[in-house]
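The values are calculated or read from the model by the stated rules, or taken from the named source; none is laboratory data. Note that the coordinates shown come from a computational prediction; the quantities given were computed from them, not determined experimentally. Neighbour counts run over all protein chains shown; Cβ positions are idealised from the backbone, glycine included. Accessible surface areas use protein heavy atoms only, side chains included; no ligands, DNA or RNA. Shrake-Rupley method; radii C 1.70, N 1.55, O 1.52, S 1.80 Å.
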Amino acid sequence: SGMSFSSLSGGARTMAAAASATSQHECATTTDITHLIVLVHGWMGNAQEMDYIKSSLEREAERYPSHKFVVVSPTVNEGRTHDGIAAGGDRLAANVSQLIEQYRNEHSITTLSFVGNSLGGLYSRYAIAKLPLGEKVEPLVFCSTATPHLGVSSHTYVPLPKWGEWVVGNVLRPTGRDLFSLTSTVRDLAFDPAYREPLQQFQKRIAYANAFATDFQVPTCTAAFLCPSSPHLHKTVGEPEKYFPLTVETAPDPSITNHANMAHVLDTMGWTKVFCDMRENIPLPTMPLPFLSNPADIPKRQEYTAEELIPMVTQVGPRVTFPLGHQVLVANSKSGWYTTMSAGGRPVVDRIATNLIDDIVKYSTQLVKEQE
């Protein structure tokens, strides 16, 4: 059947349902694998913010004509991101459950992958607890871009006293209270097996984090859950690339059960962490800081502790960049102004999309072999 493509936001579902009924019928006789990729927008975002990564994924998917990719950007949380992680996560889960029913190929494997941007990564971690993983769909890749995995309490760009966090968290309503850990939600996502075990079912977990003080909303240490007291080693993967100066992996370690902190819990699942350098991609001019030394290149080692990584990936160079990396990392296109401002991130998103599609094909091919 070649490449059959469905791609829609929530609103276009009814038209597509009729179309998909015919396309599903056509490919029911083949062994085509269906890959559902769910793109989840962030706080005060909309489905459009993921438009560029959507088109990039669709373009990359054309390299694998025997695989059917469905790239969807749910709209259920548009205008509703203030009411907390649980409320948004429940809406997302209900929507993704419908999508699974709609696109599942009963005669072959259907896989599920997520790209959660910012708060969307936490919505996704909540939602996967409510999905039929391993029954109706095979969980493949869980990808987050600049997601505050540890919340933002003590991880703000400008350090806040605890009373300041309390004020800001309450101003930002239930979602702010969650993010500033005035509720237990973010801790529960890490410590409660109901959320932890579904995340462990994915074949790969990967977190993209802005390095070098370029992300105002979600600084490096919460996006890559780096905690100085976490003993887990981070092993270097591959060579430094343009935009991605360092990629590390933590090895899964199921034997550790009594975790000291959230970062350690996440590290023991086994994650790939990609540190991103957006300094050349941010449109505003940089400002020289004469009193700062030149940045040291990240020293090449085979492994690092979190404590060793933190100063390397949070250092500021001799010039200060406006910290707009949060939008640029995903080439956020939620409005015309955002699209222009974040266009510099497009080559980065293209790399993220290439890696994601390759991973999905690789892991699904392994699944097919195992099931034969």
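Of all residues in segment 129-151, count the ones that are open to solvent by less than 10 Å² (accessible area, probe 1.4 Å) and farther than 25 Å from Glu101 by Cβ.
Of segment 129-151, the ones open to solvent by less than 10 Å² (accessible area, probe 1.4 Å) are 137, 139-149, 151.
Cutting the leftovers down to farther than 25 Å from Glu101 by Cβ gives us 144-149, 151.
Here the count works out to 7.
For Asp188, which of the numbered conditions (1) under 25 Å from Ala93 (Cα atoms); (2) of a type in the set (Asp, Glu); (3) in contact (Cβ under 8 Å) with a residue 40 or more places away in the chain fails to hold? (3) is the only condition that Asp188 fails. What residue, among those in segment 316-334 that are over 15 Å from the mean Cα position of the chain (by Cα) and at pLDDT 85 or above, is surrounded by the most Cβ atoms within 10 Å (Cβ to Cβ)? By that ranking, first place goes to Ser333.
Take the conditions of a type outside the set (Asp, Glu), in contact (Cβ under 8 Å) with a residue 12 or more places away in the chain and within 22 Å of Arg173 (Cβ to Cβ) and apply them to Gly120. Does it pass? Give the steps one after another, and end with the answer.
Details: of a type outside the set (Asp, Glu): yes; in contact (Cβ under 8 Å) with a residue 12 or more places away in the chain: yes; within 22 Å of Arg173 (Cβ to Cβ): yes.
It is true that Gly120 is of a type outside the set (Asp, Glu), in contact (Cβ under 8 Å) with a residue 12 or more places away in the chain and within 22 Å of Arg173 (Cβ to Cβ).
Within segment 259-294, track down each residue that is open to solvent by 20 Å² or more (accessible area, probe 1.4 Å), modelled with pLDDT of 70 or more and part of a loop (DSSP other than H, G, I, E, B). Correct list: Asn261, Asp277, Arg279, Glu280, Pro283, Leu284. Every condition in (1) at pLDDT 75 or above; (2) in contact with a strand residue (DSSP E or B) (Cβ under 7 Å, 6 or more places away or on another chain) is met by Glu307 except one, and the failing one is (2). For segment 86-116, what are the residues that are under 15 Å from Val71 (Cα atoms), open to solvent by less than 10 Å² (accessible area, probe 1.4 Å) and not hydrophobic (A, V, I, L, M, F, W, C)? Result: Asn95, Tyr103, Thr110, Thr111, Ser113, Gly116.
Pairs linking a residue in segment 326-346 that is under 24 Å from Cys221 (Cβ atoms) and free of Cβ contacts under 8 Å to residues at least 60 places away in the same chain to a residue that is open to solvent by 50 Å² or more (accessible area, probe 1.4 Å) and acidic (Asp, Glu), with Cβ atoms under 7 Å and 6 or more positions apart or on different chains, do not occur. Looking only at segment 204-243, residues that are more than 23 Å from Leu189 (Cα to Cα) and either open to solvent by 10 Å² or more (accessible area, probe 1.4 Å) or out of contact with any helix residue (DSSP H, G or I) (no Cβ under 7 Å at 6 or more places or on another chain) (or both) come to 12 in all. When we screen Thr14, Thr34, Thr29, Thr22 for residues that are closer than 20 Å to Phe202 by Cβ and modelled with pLDDT under 95, the only hit is Thr34.
Restricting to segment 208-218, what's the tally of residues that are under 11 Å from Pro148 (Cβ atoms) and at pLDDT 85 or above? Count: 2. The helices (runs of 4 or more DSSP H) found entirely in segment 171-242 that carry 3 or more residues being more than 30 Å from Gly134 (Cα to Cα) are 173-179. Under 16 Å from the mean Cα position of the chain (by Cα), over 23 Å from Val361 (Cβ atoms), open to solvent by less than 40 Å² (accessible area, probe 1.4 Å) and touching a residue at least 60 places away in the same chain (Cβ under 8 Å): does that describe Asn46? Judged against the criteria, Asn46 is a match.
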